[in-house]
Amino acid sequence: MSLVTYNVQDGVAVIAVDNPPVNALSPGVPEGLEAALDRAAGDAGVKALVVMGAGRTFIAGADIAVLQDMAWGKGPGGPVLHDLLQKLEDSAKPVVMAIHGTALGGGLEVAIAGHYRVALASAQLGQPEVNLGIIPGAEGTQRLPRLAGIEKAINMCVSGKPIAASEALAAGLIDKVIEGDLTAGAIAFAQRAPLAAKTHERNGRLGTVAENAPLFAAGLALAAKLRPSQEAPRRAVEAIEAAATLPFEEGCRRERQIFAECVVSDQAKSLIHAFFAERAAAKIPGIGKPSASAIARVAIIGAGTMGGGIAMACANAGLSVLLKETKAEALDAGLATIRRNYETSVKRGRFTAQDVEQRLALIHPQLDYASFDSADVIIEAVFESMALKKQIFSEIDAIARPGCILASNTSTLSIDEIASVTARPSSVIGMHFFSPANVMRLLEIVRGRATSPEIIATAMALAKHLKKVGVLAGNCPGFIGNRMFFPYMYETQFLVEDGATPKQVDAALTGFGMAMGMFAVDDMAGIDVAWRVRQEMGHFREPGVRKPLVQDQLYAMGRYGQKTGKGWYTYGEDRKPVSDPLVEELIATSARTAGIARRAIGDQEIVERSVYALINEGARVLEEGFALRASDIDVVYLNGYGFPGWRGGPMFYADLTGLKKILETIERFRRELGPRWEPAPLLLKLAAEGHGFRDYDREREA
Ligand code: T1G
């Protein structure tokens, strides 16, 4: 089956890439395009060409599966598109690119090799390669600045963010926005279009050394700001600089060199893994692919931080929301926070005032269960108390319509126990949002023993509809994310008792790439919340286990973190964490009283004890079946816990580091630090076999 179709309409050859789902430049597509170009060149009846995508989009880039092979040293060293690009540019007949959906990466690079570009207003154009740890590798860093100027090219390649057709038109990247039928509009344009200059010959917008110097400096600053630890954005600036300083062909050679260096990097391996891991998480064996069309009305219980954020996420997705509280003050406070958050989004240009009014109009505040019987999903978002959740679930069980999803936003408590108070445990599921719920992409979907496949499938579809990344988790204490987070969090507390400081631990973790250090996270989430969760989960009740010494004392002192201005750190107006000698004294005294000989601790030990605690517990979550894949665990940590994307997630990072090395270190910790460092059986097994978690996933998929 040809991946490229060819037909002639009114003297114009219409060449369409037809490689669903996103017309990636998979093997066979570049070849098919070249063949079609040759055919059009030889067809006397053809005066011009239109190149477009069949189905929902133009070309969404190179085939990332092929890139993954490249990253691991299999397959070609770089995109093999040069001949196609040259053939497009050298065509003796005008080539018009007709863009709808997305023209991304190699797709945009193909488009800018053509003589003209027209697009629907809804089209998105971008060079998102940095999201995969690479730079454009099909001469995009050489042609894009020639069309759109140095500054625009830098912004597009460093941010990786697509731009709309209107912005592309203003930038000179496209020639016309087509209203109505794209094909007809493109053909009409092509029939009137004279042969245009080749993009690589258009040097007018390449600027001078003097003009460009501040642009390149600003580009490097942008790269450092947007993706501090990532190589590719900085290398993209380097490639664009080559466009401004070298002849075209030499610039292309420089780009290919930089691309080849980036694609085999651990960062590229990790980010490409993250791309596919996110898409794999949506596929649940034995569970169909339903649509969320059945969900129109969501009812939420609790208008606190989580309930309010969930209400915003639903309203942002166009869903009608019933928002229930028990007291008018709490409801008013919740609504005020929602409005304040929306006003912040308007200030940041994310929404217009009209958008906000539309969304607020979808949120219906109330103090009772009125209309809850017409809800498609009811989400309970009250604080972590099993007794309170059971009371609420027995109430909504009596009201909700048949088939309604009864969901709990619990972050730690048993879904089975909550479901046990209802007559419909098959409709009960965990939908664990992350704070702020209107921003954080992760949605941990927790299946109970009785949860039906339909309910799971609909919850997963709702996640996609809310633009969240839904990951299915089993019903163990803390599910995937928090279950792993507790050993990580406690290990950082043992590290400060052993001699480090909260500031040093946080600096080592952010140096590793974590979005925030553990002590700053604890202060943001609330030391009182962590205390309540520890009580509910009964941590450290077994005799003989090492128990953290200080967090409970901070709780007893009312130091709950940012919300009280004091926690592990103190906080001023700017909400920036400041080390508190009182806390460091408290740590030293507690350690002394416990007979702990404090010592100097290096950053490597901090990172290894923290991150390996995650990996070891992750291996247990996996072998006990509470996560479907190791890559699902990565998706949870990348989207919910600030683990750096360019490290691929804790399990992928473990593979890159080598399970044998990690096991050796964990066994040393076991000897030196005690039984909490017992290696997970799966880790022992895989390390002994010389395998990684990726191999484990592959075997299970097979
Ligand atoms: N290659 C291979 N598969 C791809 C793909 C690609 N470029 N893009 C998407 N898919 C698959 C995806 O895995 C999923 O598969 C299905 O398509 C639907 O995707 C030379 C080297 C286009 C905005 O980075 O951003 O070009 O899970 O669920 O939400 O310089 O996909 O169904 O089996 O994401 O509607 C640059 C990546 C590549 C774009 C659509 N291009 N794709 O979003 O659907 S590097 C990109 C996206 C490059 C050049 C360099 C999004 C989308 P499955 P989906 P969606």
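The values are calculated or read from the model by the stated rules, or taken from the named source; none is laboratory data. Since this is a predicted model, take the numbers as computed values, not measurements. Methodologically, a virtual Cβ is constructed for each residue, glycine included, from the backbone with ideal geometry; neighbour enumeration extends over all protein chains shown. Side chains included, ligands, DNA and RNA excluded: accessible areas come from the protein's heavy atoms. Shrake-Rupley method; radii C 1.70, N 1.55, O 1.52, S 1.80 Å.
Among the candidates G618, G625, G595, single out the residue that is closer than 20 Å to P477 by Cα and in a loop (DSSP other than H, G, I, E, B).
G625
Report, by residue number, each residue of region 538-552 that is surrounded by 18 or more Cβ atoms within 10 Å (Cβ to Cβ) and hydrophobic (A, V, I, L, M, F, W, C).
Once the filter is applied, which keeps residues that are surrounded by 18 or more Cβ atoms within 10 Å (Cβ to Cβ) and hydrophobic (A, V, I, L, M, F, W, C), region 538-552 yields L549, V550.
Go through region 412-437 and give me each residue that's within 20 Å of the chain's Cα centre (by Cα) and open to solvent by less than 30 Å² (accessible area, probe 1.4 Å).
Taking region 412-437 and keeping what is within 20 Å of the chain's Cα centre (by Cα), we get 431-437.
If the condition is that a residue be within 20 Å of the chain's Cα centre (by Cα) and open to solvent by less than 30 Å² (accessible area, probe 1.4 Å), then M431, H432, F433, F434, A437 are the ones that fit.
Would you be able to tell me the number of residues in region 149-165 that are surrounded by fewer than 24 Cβ atoms within 10 Å (Cβ to Cβ) and either in contact with a strand residue (DSSP E or B) (Cβ under 8 Å, 6 or more places away or on another chain) or outside any loop (DSSP other than H, G, I, E, B) (or both)?
Of the residues in that region, 10 qualify.
Inspect region 670-682 for any residue being buried (at least 23 other Cβ atoms within 10 Å of the Cβ) and either at pLDDT below 95 or in a helix (DSSP H, G or I) (or both) and give the result as yes or no.
no
Quick check, is P577 at pLDDT 95 or above, crowded, with 16+ Cβ neighbours inside 10 Å and in contact with a strand residue (DSSP E or B) (Cβ under 6 Å, 6 or more places away or on another chain)? Let's see the steps before the verdict.
Values: at pLDDT 95 or above: yes; crowded, with 16+ Cβ neighbours inside 10 Å: yes; in contact with a strand residue (DSSP E or B) (Cβ under 6 Å, 6 or more places away or on another chain): yes.
Yes; evaluated as a whole, the condition is true for this residue.
Looking only at region 73-82, filter to residues that are open to solvent by 30 Å² or more (accessible area, probe 1.4 Å) and modelled with pLDDT under 90; which one of those is farthest from E109 (Cα to Cα)?
For region 73-82, the residue satisfying everything is K74.
Is there any pair with a first residue in region 329-358 that is free of Cβ contacts under 8 Å to residues at least 24 places away in the same chain and a second that is among the hydroxyl-bearing types (S, T, Y) and in a helix (DSSP H, G or I) whose Cβ atoms are under 7 Å apart and which are 6 or more apart or on different chains, and what are they?
That search, which allows pairs on different chains as well, returns F351/Y342; F351/S345; V356/Y342.
Of the residues in region 104-148, how many are assigned to a helix (DSSP H, G or I) and either aromatic (F, W, Y) or farther than 26 Å from L182 by Cβ (or both)?
Matching residues across region 104-148 total 6.
Tell me whether region 355-377 contains one or more residues that are among the small types (G, A, S), at pLDDT 95 or above and open to solvent by less than 40 Å² (accessible area, probe 1.4 Å).
Of all residues in region 355-377, those among the small types (G, A, S) come to 361, 370-371, 374-375.
Right, trim to at pLDDT 95 or above and you get 361, 370-371, 374-375.
Checking which are open to solvent by less than 40 Å² (accessible area, probe 1.4 Å) leaves us with 375.
Yes, region 355-377 has at least one match.
So, A398, is that one open to solvent by 30 Å² or more (accessible area, probe 1.4 Å), over 26 Å from V635 (Cα atoms), out of contact with any Ser or Thr (no Cβ under 8 Å at 6 or more places or on another chain) and modelled with pLDDT of 95 or more or not?
It is true that A398 is open to solvent by 30 Å² or more (accessible area, probe 1.4 Å), over 26 Å from V635 (Cα atoms), out of contact with any Ser or Thr (no Cβ under 8 Å at 6 or more places or on another chain) and modelled with pLDDT of 95 or more.
Please determine whether any residue of region 278-286 is open to solvent by 70 Å² or more (accessible area, probe 1.4 Å) and touching a residue at least 12 places away in the same chain (Cβ under 8 Å).
The answer is yes, given that some residue of region 278-286 is open to solvent by 70 Å² or more (accessible area, probe 1.4 Å) and touching a residue at least 12 places away in the same chain (Cβ under 8 Å).
For the structure I just gave you, tell me whether Q562 is within 23 Å of R609 (Cα to Cα), surrounded by 15 or more Cβ atoms within 10 Å (Cβ to Cβ) and either more than 31 Å from the chain's Cα centre (by Cα) or not small (G, A, S) (or both).
no
Would you check which residues across region 35-72 are away from the ligand (no atom under 16 Å from the Cβ) and either among the polar types (S, T, N, Q) or open to solvent by 30 Å² or more (accessible area, probe 1.4 Å) (or both) and list them?
A35, D38, R39, A41, G42, D43, A44, G45, K47
Kindly check whether there is at least one residue in region 406-421 that is closer than 26 Å to G474 by Cα, in a helix (DSSP H, G or I) and not hydrophobic (A, V, I, L, M, F, W, C).
Taking every residue of region 406-421 in turn, at least one turns out to be closer than 26 Å to G474 by Cα, in a helix (DSSP H, G or I) and not hydrophobic (A, V, I, L, M, F, W, C).
Any idea how many residues of region 93-132 are within 22 Å of E34 (Cβ to Cβ), open to solvent by less than 10 Å² (accessible area, probe 1.4 Å), aliphatic (A, V, I, L, M) and within 15 Å of the ligand (Cβ to nearest atom)?
Summing the residues that are within 22 Å of E34 (Cβ to Cβ), open to solvent by less than 10 Å² (accessible area, probe 1.4 Å), aliphatic (A, V, I, L, M) and within 15 Å of the ligand (Cβ to nearest atom) in region 93-132 gives 7.
Quick check on region 482-503: of everything there that is in contact with a helix residue (DSSP H, G or I) (Cβ under 7 Å, 6 or more places away or on another chain) and among the polar types (S, T, N, Q), which residue is most open to solvent (accessible area, probe 1.4 Å)?
Checking each candidate, the answer is T501.
State all residues of region 227-270 that are open to solvent by 10 Å² or more (accessible area, probe 1.4 Å), hydrophobic (A, V, I, L, M, F, W, C) and farther than 15 Å from G140 by Cα; if no residue qualifies, say none.
Once the filter is applied, which keeps residues that are open to solvent by 10 Å² or more (accessible area, probe 1.4 Å), hydrophobic (A, V, I, L, M, F, W, C) and farther than 15 Å from G140 by Cα, region 227-270 yields only V264.
Quick check on region 18-28. Is at least one of its residues outside any helix (DSSP H, G or I), at positive phi and surrounded by fewer than 22 Cβ atoms within 10 Å (Cβ to Cβ)?
Checked against the condition, which is being outside any helix (DSSP H, G or I), at positive phi and surrounded by fewer than 22 Cβ atoms within 10 Å (Cβ to Cβ), region 18-28 yields at least one hit.
In region 431-461, which residues are farther than 30 Å from F351 by Cα and outside any helix (DSSP H, G or I)?
V446, R447, G448, R449, A450, T451, S452
Which condition number in (1) touching a strand residue (DSSP E or B) at 6+ places or on another chain (Cβ under 9 Å); (2) outside any helix (DSSP H, G or I); (3) within 11 Å of the ligand (Cβ to nearest atom) is the one that K283 fails?
Tallying (1) touching a strand residue (DSSP E or B) at 6+ places or on another chain (Cβ under 9 Å); (2) outside any helix (DSSP H, G or I); (3) within 11 Å of the ligand (Cβ to nearest atom), K283 fails exactly one: (1).
Could you check region 502-569 for helices (runs of 4 or more DSSP H) lying wholly inside it with 2 or more residues that are within 24 Å of P477 (Cβ to Cβ) and not hydroxyl-bearing (S, T, Y)? It would help to see each step written out before you state the result.
Working: elements: 502-512, 518-525, 527-537, 551-556.
The qualifying helices (runs of 4 or more DSSP H) are 518-525, 527-537, 551-556.
Six or more apart or on different chains, Cβ under 9 Å: which pairs go from a residue in region 181-208 that's in a loop (DSSP other than H, G, I, E, B) to one that's polar (S, T, N, Q) and open to solvent by less than 50 Å² (accessible area, probe 1.4 Å)? Could you list them?
Pairs found: L195/S91; L206/N212.
Please indicate, with yes or no, whether at least one residue in region 288-301 is at pLDDT 95 or above, of a type in the set (S, T, Y) and in a helix (DSSP H, G or I).
Checked against the condition, which is being at pLDDT 95 or above, of a type in the set (S, T, Y) and in a helix (DSSP H, G or I), region 288-301 yields no hits at all.
I'm told R256 meets every condition in (1) in contact with a helix residue (DSSP H, G or I) (Cβ under 9 Å, 6 or more places away or on another chain); (2) within 29 Å of D632 (Cα to Cα) except one. Can you identify the failing condition by its number?
(2)
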